[in-house]
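Input: a single structure, listed below in structure tokens.
Taken together, the values in this text are just the output of simple stated rules run on the coordinates, not laboratory data. The model shown is predicted, which means the values in this text are computed figures rather than measured ones. Please note: Cβ atoms are built from the backbone with ideal geometry, for glycine as well, and neighbour counts cover all protein chains shown.
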Amino acid sequence: MNRAFSLIALAFALVACGGGEKADTGKKATTDTAMMSSGSYEAMEVMDGGTITGVVTFDGAVPALKKLEITKDVNVCGKTAHYDESLVVSQTNGMANVVVKITSIAEGKGFETMSASSEVDQKGCAFIPHISLVPAGAKLTILNSDGVLHNIHTYSEINKSVNVAQPGFKKKMTQTFAEAEMIRVACDVHNWMGGYIAVADHPYYAVTDANGNFEIGGVPAGTYTLEYWQESLGTKTAEVTVAAGASVEANAMFAAGS
Amino acid sequence: MPKRSETPLEERRYGHFFLLLAGLLALSTFWAIWDMLRERAPWQRYQMEINSLEYANTEAELTAEQEKFERRYAAKLETLQQQLTEAESKLIGEDYQSITAEVQQVDLKIEKAMQVYRFAKSEYDALWYEYKHAEHTGHTDEMESLRPKIDNLQTEITALKQAWDDAEAEKDAIEEREAGFRQEITQLQEQIAKLNKPMDELETKLGNISDRKIKIEQFVMAGFVKGNFQSYLDQVDRCTSCHVNEDKGGFDEYNIPFKTHPNREVLIKNHPINQFGCSPCHEGQGEAIMLPHAHGFVSHWPKPLLNETMVEAGCNKCHSSELKVEAAPNLTRSKRMMYDLACYACHEVAGYEKMRKIGPELNSITKKTTNEFIYRWVKDTKSFRQHTRMPNPQFTDQEALAVTAYLNFINKESDYSVPRAPYGGSVTRGENYVESLGCKGCHVVTDKDREVRVTDVTYDMAPELTKIGSKVNRDWLYAWIRNPKQYNPNTSMPKLRLTDNEALDIVAYLTTQKEGNPPAANLAGADLDSEELIDEGKTVIRNFGCHGCHEIKGMEKEGKVSVALDEFGGKTHDELFFGDAIANESVPDDSWEAWTIGKMKNSRLYATEAVVQRMPNFEFSDEDALSMTMLLRSWDGRKIGKNFVKKIGTRGESLEKGRRLVRQYNCVGCHIIEDEGGYIRPTVIEAFKAKGKTEDAALSASPPDLIGEGRKVQPDWLFDFLKNPTTNIRPWLDIRMPNFDFNDEEVNTLIAYFQALEDINRPFSEININLTRAEKRAAEKLYSADYLSCFSCHQVGNKKPEGPPEGWAPDFMLAPDRLNPDWVSDWIADPQAMQPGTKMPAFYPDIAEALPDILEGDADKQVEALRDYLMNIRKFANNL
């Protein structure tokens, strides 16, 4: 009896260490762990961080700003002229309202160091600033300085789209956006109003100024992919290597219709 | 050595034979075990493999977690532990030590108090029994003597209970003191546990994986399918022995058999594996646990595993009564094709018995077009309209001539006559009307429309009009677009309530839409009135079954010309006639699939000189042919047990009838219904872009999304609207809701359908909503410009909002008759939840807090006031 058992045991042992091709499960342990670690951003102290600066320019003749027709609440909205802000180029060809960000970074400086716009105002029936930059999960204050009905209607894919009324008497409200995304904002009461909210999942984001300049500081030394996003011309990317304590320039140029 | 035969029997030795045989036996035993484990039990290997992989993955996660921990929290843990040690050392102080002694003392005290109390209680109970006994036996004197004793004991017990409670309270106080001492320690321990939590969880998971048993999994589906002897047979599946993770989330990225079932949330949730198994949907040989046996790719197994393109055929076994099958998009599409293309016109199809004829009637066709066109059309429809729903009869010249002659003959008896259309009409204005009134919801009018239009099917639901001027005559067209039913009472083409001038302009435009190089079709030499030819035409029509789709005089008594399809999917390849197709390699092999796909792509593929094939040619694309093949596969004639077949119920029937009607009238050409349709939108966007307007403006100018319609509108209103549509809900739309001349049954079907979509059943009834004075005062404020500013976008009768019309919102004056009050309140409370993406913003609940003076700042009350005011708004319209 004992012998029979030991024979079977031997057979099992043979099978266990025997060859035989292994079925392909399609996924290996390593990829799993890689996916695990690409989780949420963690803030830490950045010693001797570098700085990325640059200017985003437009390749071609400076396009004229298109004037928008004000058709409603004219006594409030029509005080100043409104222009289509989907492509704003300075006389030096600098492009305003380009969102520049490091595409992927797991650890780095805290959000308090990001030059975020904690509020967006609806003033003269326009969103000011045109692009608001807000950390994911943080409160964005939305003001209504006009005293007429506005609504914040967001068009997003990752975050839940919202459409909230802000009547004239409600001067201030807040919204939070949980996930990083470029979110278009419109007002259905005044159909010419348009803007964007850039929701950032790490603080290495910047919006170019009127002359196309930007600066991202406190970057841990390393090589990164920078992404430049412009609402009507799309995105561009560039590799940039940041040395500890040093400043590096990363310019970009958009061509019409690119 | 003596010869073996010379050795006496009893002295012969058999040792070496036995050794050899024993060796063989041992080897074959080894081989048997080896074969069983390696070849016959792949499931063991798979289970072991996924377990070890999961183990490795979890271990790797654990290592990563530990590394992260080292990097981020190691220092913190050390500090915490140090603090813990300090806190613990503090406890050694005298205060804490004395607590232990106190607890012991108080425990003793509690014990004593409890005992004394319980003794007293038993004594009391005994006395009470005696007292009651005396009462029942009528010994009043004994009762009287017992009464004071009982009362005394009662007092005593209350006191003793109090003493016990006091002791307990004392203990609680001591323990609270102790907890106070330990509080810091507890907190620190909690913090440490929290830091360790992710790692602890992973370690538990590792333990669970190691404990798994390797075994065969098996499910029995009792009475699944009817056998050859009238009884329903069980089916057994062991598939999950290898397919280990089908019902486990998180394995979507893995390869088969380790992968999670696609769309598990819907498919497995609605069909739990322990009830439905796998083979009822997927086919294959469920009992087998070896490849390829399990997948059924072995001889004499009639139902091998359905591959990726055929798998949804499995759904139709139990869902055959539904036109739309959730989570089976390909099946749904193929069923729609079957319905739209009217396979039931020539074949018996279960569930589609009494159907209308889908083609136009042909008894007055010569008033519409010429004999030359008819001749050319029946020879080759696709050369004139590539996307027509009509399959190509591909008649020979002689057949075409005969059919033309017969149609010409019966048309002479038609009493339909077309008056002459007036002269004039502007091509430009006509083009504009065609673009803006909504014709493009169903018709492709320009090549650009063809380019931008995307629908759920590859054929047109209504005729393409790019060459319409080469087909129909002007007088007929003018009469037709003004009132289509006059020519063809069964048409789906609605009336657009065109004025004579609008109609004339549209006719002017459409008659310019001509074919570039029409093929020569001269019937001058033919004698269409020849009786012989007319008789021949009648025979051709009867044989080919044109009357399946068209009303044709003389064919009233004819039936379906082809075979029933309900068992076609169960045919074997030797029952199918391949003609010369295999010999000349027109089909890849002699399988059922190859035959059917070939037939769908070219219905005359298997015709030979001896065997005539008459099925008109749908000329399906590869994708469409595959869809139809899948549907045919599902009709295999097997009877499925009643516990498995989907019971659609009353609601399902309402949905089914409604869905058929929605397709018949192509409502989805304009409207989005059940998240599908709105096929006109790309053409509206194109037209707006051409005028320099935005896409948003185009979407505002498009027909409305009918999401939640059944809950939104009152059935009375919907009945009237469908019978007699108006354009005053959204006056800014140029697109007109046309008049379909629905009969009462159709309207009621649509109302029941929209309600069934919302899972409600509302009667036709008048709605009266009471508006209190307080509500009226509140609502007047809320509606005004200083508050919610509703009139900023909403029209009220003649009072129109500022700005361009595409920014306006529906007229409040229509609400009392049109909207359901409960829908109105839900809508005001959260419009995005009712119709995602709507322009109507959410005011509530946030606004209510900001308005504490109005109805106490209560959101529900404010919404109700807004609703009640709206439902009564006609009374106040003049004051607004």
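What does the C-alpha gyration tensor say about the overall shape of segment B:773-879? Classify as rounded when a/c is under 1.5, otherwise prolate if a/b is larger than b/c, or oblate. Walk me through the numbers before you get to the answer.
Values: a/c = 1.41, a/b = 1.19, b/c = 1.19.
Rounded, because the longest to shortest axis ratio a/c is under 1.5.
Show me the ranking of peptides B:810-816, B:180-186 by mean Cβ neighbours inside 10 Å, starting with the highest.
Working: B:810-816: 19.7, B:180-186: 14.3.
So the order, starting with the most tightly packed, is B:810-816, B:180-186.
Need one value for B:835-847: mean number of C-beta atoms belonging to other chains within 10 Å of its residues' C-beta atoms.
On the way: counts 0, 3, 4, 3, 8, 5, 14, 6, 7, 2, 0, 6, 7.
That works out to 5 on average.
If you filter segment A:150-200 for GluC sites (Glu not before Pro), then keep DSSP loop positions with at most 13 other Cβ within 10 Å, what is left?
Taking segment A:150-200 and a limit of 13 other Cβ atoms within 10 Å, the loop GluC sites (Glu not before Pro) found are A:Glu157.
Sort chain B into rounded, prolate or oblate with this rule: let a ≥ b ≥ c be the square roots of the eigenvalues of the Cα gyration tensor; rounded if a/c is under 1.5, and if a/c is not under 1.5, prolate when a/b is larger than b/c, oblate otherwise.
Oblate is the answer for chain B, as a/c is 1.5 or above yet b/c matches or exceeds a/b.
Which value results for Rg/Rh of segment B:365-548 when Rg is the Cα radius of gyration and Rh the Kirkwood radius based on the inverse mean 1/r?
For segment B:365-548, the value is 0.97.
What percent do you get for the relative contact order of chain B when only Cα pairs under 8 Å and 6+ apart count?
So the answer I get is 9 percent.
Which Cα, out of B:Leu661, B:Pro703, B:Ala687, lies furthest along the positive dipole direction of segment B:627-720 (beta carbon charges, K/R +1, D/E -1)?
Positive-most Cα among the choices belongs to B:Leu661.
Give the relative contact order (percent, whole number) for segment B:365-548; include only Cα pairs under 8 Å separated by 6+ residues.
34 percent
Using a 10 Å cut-off on Cβ atoms, rank the peptides A:80-88, B:702-710 from the highest mean neighbour count down. Show your work: numbers first, answer last.
Values: A:80-88: 15.9, B:702-710: 20.6.
Ranking, from highest mean packing down: B:702-710, A:80-88.
What is the angle, in °, between the Cα long axis of helix B:744-757 and the longest principal axis of the Cα atoms in chain B? Nearest 10 is fine, range 0 to 90.
Once rounded, one gets 30 degrees.
In this model, which of B:Lys367/B:Lys538; A:Lys67/B:Lys467; A:Lys66/A:Lys171; B:Lys800/B:Lys861; B:Lys317/B:Lys379 are farther than 32 Å apart at the alpha-carbon?
Pairs exceeding 32 Å: A:Lys67/B:Lys467; B:Lys317/B:Lys379.
On a 0 to 90° scale, report how tilted helix B:859-871 is relative to the longest principal axis of chain B, with both axes built from alpha carbons and the result rounded to the nearest 10.
Computed tilt is about 30 degrees.
Ignore the peptide's own chain and count Cβ atoms of other chains within 10 Å of each Cβ in B:58-66; give me the average, rounded.
Across B:58-66, the average partner-chain Cβ count within 10 Å equals 3.
With +1 on each Lys and Arg Cβ and -1 on each Asp and Glu Cβ, and nothing else charged, work out how big the dipole of segment B:773-879 is about its Cα centre, in Debye to the nearest 20.
About 560 debye.
Past 20 Å, Cα to Cα: identify those pairs from B:Lys335/B:Lys712; B:Lys448/B:Lys485; B:Lys112/B:Lys171, in the order given. Before the final figure, lay out the partial values.
Numbers: B:Lys335/B:Lys712 30 Å; B:Lys448/B:Lys485 29 Å; B:Lys112/B:Lys171 14 Å.
Those over the limit are B:Lys335/B:Lys712; B:Lys448/B:Lys485.
Roughly how big is the protein assembly as shown's charge dipole about its Cα centre, with Cβ charges of +1 (Lys, Arg) and -1 (Asp, Glu), in debye to the nearest 20?
3720 debye
Assuming a ≥ b ≥ c are the square roots of the Cα gyration tensor eigenvalues, decide whether the protein assembly as shown counts as rounded (a/c under 1.5), prolate (otherwise, with a/b larger than b/c) or oblate.
Oblate shape, in that a/c is at least 1.5 and b/c is the bigger or equal ratio.
Applying a 10 Å radius around every beta-carbon, put B:145-154, A:91-100 in order of their mean neighbour count, most first.
On the way: B:145-154: 13.5, A:91-100: 19.6.
Going from most to least packed, we get A:91-100, B:145-154.
Under a Cβ-only charge scheme (Lys and Arg +1, Asp and Glu -1), can you give me the dipole magnitude of segment B:365-548 about the Cα centre, in debye to the nearest 20?
640 debye
Going toward the positive end of the dipole of segment A:48-255, with +1 on Lys and Arg Cβ and -1 on Asp and Glu Cβ, which of A:Gly245, A:Val219, A:Phe111 do you reach last?
A:Phe111
Counting alpha carbon pairs within less than 8 Å and at least 6 residues apart, what relative contact order, in whole percent, applies to segment B:773-879? Show your work: numbers first, answer last.
Numbers: 114 pairs, mean separation 30.8, N = 107.
So the answer I get is 29 percent.
Taking each residue of A:72-79 in turn, how many C-beta atoms of other protein chains fall within 10 Å of its C-beta, and what is the average?
Across the residues of A:72-79, the mean count of other-chain Cβ atoms within 10 Å is 2.
Which residue, B:Leu504, B:Ile541, B:Asn488, has the largest displacement toward the positive end of the dipole of segment B:450-570 when charges sit on each Cβ (Lys, Arg +1; Asp, Glu -1)?
B:Leu504
Going down the list A:Lys236/B:Lys68; B:Lys226/B:Lys571; B:Lys215/B:Lys259; B:Lys357/B:Lys553; B:Lys354/B:Lys601; B:Lys471/B:Lys723, which pairs span over 22 Å between their C-alpha atoms?
Among A:Lys236/B:Lys68; B:Lys226/B:Lys571; B:Lys215/B:Lys259; B:Lys357/B:Lys553; B:Lys354/B:Lys601; B:Lys471/B:Lys723, the Cα-Cα distance tops 22 Å for A:Lys236/B:Lys68; B:Lys354/B:Lys601; B:Lys471/B:Lys723.
Measure nothing but the geometry: give the 0 to 90° angle between the long axis through the Cα atoms of B:140-210 and the longest principal axis through the Cα atoms of chain B, rounded to 10°.
Value to nearest ten degrees: 60.
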